[in-house]
Amino acid sequence: MAQDVCPAKPEPAFSFAQGFMLGQISIVFLLAAFIKFFIFGDPPSPDVTAALRASERRSRTLAHKKSLLNLRESNKRQAGQQPALNKKKSSILRSGPPTLTIGSILDKTYYKVDSHQPESLDWFNVLVAQTIAQFRSDAQHDDAILTSLTKALNGTSRPDFLDEIRVTELTLGEDFPIFSNCRIIPVDDDGLSFQPGKPFDPNMATREGARLQARMDVDLSDMITLAVETKLLLNFPKRLSAVLPVALSVSVVRFSGTLSFSFVPSNPSENTPTKMTFTFLDDYRLDFSIRSLLGSRSRLQDVPKIAQLIESRLHSWFDERCVEPRFQEIALPSAWPRKKNMREVTADRSISKAAGTETAKGLRGEARKELETEMDAQADRVNESLRYRRRPRAEDAFSEDLSAFAYLGDKVGAGPDELKLIFSILISYPLAGVLKRVPDARPAYKNLFSLSISLFFLVGLFDLWDGLRTLLISASGAYAIAKFLRGSRYMPWVGFVFLMSHMSVNHIARQAANSPSSVDITGAQMVLVMKLSAFCWNVADGLLPEAELSDFQKDRRLTELPNLLDYAGFVFFFPSLLVGPAFDFAEYRRWLDTSMFEVPANVDPAKKPPTRRKRKIPRSGTPAMLKLVTSLVWIFTFLKLSAYFYPTVLLEDSYIQYGFLRRLFILHMVGFTARTKYYGVWTLSEGACILAGLGYNGVDPLTGKVAWNRLQNIDPWGVEFAQNTRGYLEAWNINTNKWLRNYIYLRVTPKGKKPGFRASMATFTTSAFWHGFYPGYYLAFVLASFIQTVAKNMRRSFRPFFLDPKTGAALPSKKLYDVASWLTTQLTFSFAVAPFLILSFSGSVLAWSRVYFYAVIGTAALTAFFASPAKVFLKKEIEKRNAKAGAANGKAAGSKSDDGKLSRSASTDSLASRTPVMGITPDLEREFDDAMSEIRAFEAKKRK
């Protein structure tokens with residue numbers, strides 16, 4: 001009976017939903033890989049392609065020469081068996097000296113093959129240039145070239161799937177070929193030189209068929225362009241079932257090689273004329289710039305594979321016709337006079353020819369003017385079907401990114417890498433939706449999914465193999481330090497120094513590359529430094545007693561090291577990989593095991609956040625979409641404004657021609673335009689994190705409203721409408737401010753002491769080095785420190801006059817103060833952040849000088865003002881005003897309360913804290929006093 005029982009079916013490893021999801025993801029990856037590496041795969045560099053083609057041509061030439069030598073040896077063995085042929089000679093022409101050999105010709109013309117220096121061909125270049133110039137001039141007012149080209153392209157045997165081909169652009173170039181280094185070498189009848197590499201032996205050049213060959217170098221750098229338009233027709237199942245417009249432009253941008261030509265004597269017995277043969281040696285280089293445009297609405301431009309295919313066919317066509325061992329022959333007419341070749345020029349004809357020449361010159365001049373006018377008008381049109389940006393030199397043709405991102409970047413005025421960055425974050429939204437739907441009980445799947453997407457971004461989209469290696473070095477180094485130095489009190493500092501040093505090396509490399517607008521790995525590494533340095537501190541806090549920890553440290557401490565997969569998922573969390581926001585591992589682990597979403601007991605179950613099915617992550621689609629829409633508005637604003645307000649506009653000559661107020665407006669708009677890019681990108685990235693669930697920040701027990709601001713990194717309204725410097729800086733790069741405060745400023749301070757000058761200096765230095773080493777960064781930081789101090793004194797000394805001394809409420813005149821504070825803050829920071837955008841020291845000083853250093857002068861003047869007795873006078877006036885109103889204790893104005901602590905009144909709002917914002921200290925005077933106190937204390941301790 002036991003044998004009749006059917007065995008139980010094994011449980012499948014994956015459920016249907018998991019298998020379906022895995023299949024869909026696999027298809028997405030296959031499609032992405034196909035599009036990336038086949039359709040939009042970057043072609044090899046021109047140098048690599050040229051080297052490969054030269055190697056192939058050289059191998060073919062050597063094989064041909066070897067076959068000729070073998071054939072010649074076999075012919076020598078048969079030469080004795082064949083009778084010699086007697087050639088018929090003229091019986092009238094008297095016999096002269098014997099026929100000259102190439103050796104005797106070289107001797108009589110005093111040309112020594114071994115020692116004669118290559119000759120310049122300047123005279124020849126002039127004649128060739130004159131001929132080409134005349135050809136181009138004739139082509140400008142004659143449609144014969146276009147007509148013949150169109151006729152040749154369409155032909156009589158055009159395939160059915162191809163519509164009429166129309167020439168849309170024909171550019172014959174502006175430069176001329178340069179010939180140089182002409183030399184003469186003897187060759188045999190097969191074109192092979194005699195014993196290459198050895199001294200010339202005249203006796204070797206006596207056999208029949210030997211001749212002299214001239215070789216010269218030729219180089220041309222120009223833009224010779226032919227652009228055509230046509231349509232691909234699909235005539236099945238019925239005629240014109242589908243039509244695909246195609247536009248193609250092929251430009252020759254550079255040619256360099258060695259031209260070889262010689263004369264082949266006539267053979268009267270075979271009635272063959274004298275011929276001139278020419279060919280190019282196999283070491284030539286021919287570079288093209290090929291543009292393509294497919295489609296009518298959703299256009300696909302510059303597909304690399306199309307460019308590679310066309311370039312390969314053009315090279316094959318050229319190789320098959322005039323690259324050794326193949327050559328071109330031109331039959332020359334007989335040098336002896338013939339009656340049919342005689343021409344007689346009469347006086348009348350000479351006169352008419354001269355008059356015709358003058359008339360032709362006039363017509364050409366008029367035609368040239370008309371053509372220039374037409375070209376200027378054509379350049380102003382924007383509805384051309386094929387648009388190309390003309391580069392002045394050919395070598396610039398290889399600096400352009402041949403991809404759809406380059407095409408879109410040209411349209412919207414942004415760089416390809418900036419668009420790739422935006423695209424990577426945009427596709428993070430649907431991918432974050434997939435990540436959110438990975439079963440909560442499978443955290444390993446979440447890590448693997450996040451890892452795979454991050455690898456696709458780094459390698460598949462940006463081709464940052466070195467960047468991937470950089471992130472792996474930082475991540476593995478930090479994990480090793482946390483693991484093997486865990487018991488050391490210096491472990492977090494060792495990790496911090498390692499991460500900052502590694503990032504500094506890449507900052508210096510990026511600065512040397514001098515490409516601030518391109519995407520490299522330093523942006524992602526800056527985010528990773530915050531995450532990993534905090535990780536080291538969290539591990540160190542896990543070994544300390546809870547009594548020694550603050551509430552923040554207790555919340556973020558790690559009592560044990562995470563496994564490598566969880567750690568890798570934390571490092572390569574794809575929604576925040578490239579631009580942030582940064583977060584701690586404790587937050588990531590709570591998101592991973594969904595403990596972050598547990599609802600406190602004091603929350604009414606009816607107000608519990610809604611979820612789908614059995615997932616614990618609340619619905620986050622609506623807040624994520626709001627972030628998406630907001631970010632796209634900011635990005636659209638940036639794309640529109642960046643065409644007019646870019647940083648280098650402050651350095652252009654036209655900028656100084658405007659009035660001072662307009663220059664101030666442009667300066668402010670340059671800073672605002674730069675900020676919109678960060679508003680858009682950071683908000684976009686935050687939205688992707690919200691959609692994945694990591695932005696969750698609890699629920700209000702009263703209203704049941706879910707907060708999604710855990711990873712908020714920017715407050716655009718707080719920046720643009722800030723009325724003081726601290727509010728301006730606190731609303732900018734919020735997570736970096738938190739990192740500097742929690743893991744630098746508070747960590748430097750010894751236990752039991754208040755943060756002082758040492759903590760502020762360490763925070764300032766870290767913030768500066770974290771940003772990079774451009775001089776503009778440090779100009780902005782130093783000036784901002786002075787601005788912070790002046791702003792603090794301004795607020796404390798003037799703001800109380802606009803408040804009611806009894807209640808602290810705003811007086812009607814407070815509105816004027818608010819407007820003045822807002823305007824001063826915005827204009828001052830517009831000046832201060834200009835070096836942050838220009839980066840160079842000389843450029844920053846130049847931009848400042850063009851607005852007369854107004855912020856530097858104003859800050860210096862106010863610093864001197866508050867260092868004078870005026871500050872004491874204002875303080876006494878405030879005390880008198882408060883005393884007169886019955887508020888002599890100064891509580892409303894922010895004086896000390898009864899318990900001796902500074903009250904957080906309206907007049908002292910945001911000024912009570914000494915914590916630096918973005919590393920910028922709010923009180924330079926106090927920091928200086930603290931520094932002097934520490935120095936005196938150190939000297940006193942040293943004396944003891």
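Rounded, prolate or oblate: which fits the range 441-593, taking a ≥ b ≥ c as square roots of the Cα gyration tensor eigenvalues, rounded meaning a/c under 1.5, else prolate when a/b beats b/c?
oblate
Could you pull out the chymotrypsin sites (Phe, Trp or Tyr not before Pro) across the range 702-774 that fall in loop regions by DSSP (anything but H, G, I, E, B) with no more than 16 other Cβ atoms inside 10 Å?
Counting only loop positions with at most 16 other Cβ atoms within 10 Å, the chymotrypsin sites (Phe, Trp or Tyr not before Pro) in the range 702-774 are F721, F773.
Amide H neighbours of R254 under 5 Å, at least 5 residues apart or on other chains, H built in the peptide plane: list them.
Residues meeting the amide H criterion: D222, D287.
I need the shape label for the range 626-691. Rule: rounded when a/c is under 1.5, else prolate if a/b > b/c, else oblate, with a, b, c from the alpha carbon gyration tensor.
Note, shape of the range 626-691 comes out prolate.
Distance cut-off 30 Å, Cα to Cα: go down the list K627/K814; K751/K792; K754/K871; K436/K677; K446/K554; K607/K814 and report the pairs above it.
Table pairs above 30 Å Cα-Cα are K627/K814; K607/K814.
Quick note: the coordinates plus some simple rules give every number you see, no bench work behind them. Note that the structure is predicted; figures quoted are calculated from it, not measured. FYI the Cβ positions are ideal-geometry reconstructions off the backbone, even for glycines, and counts take in every protein chain you see.
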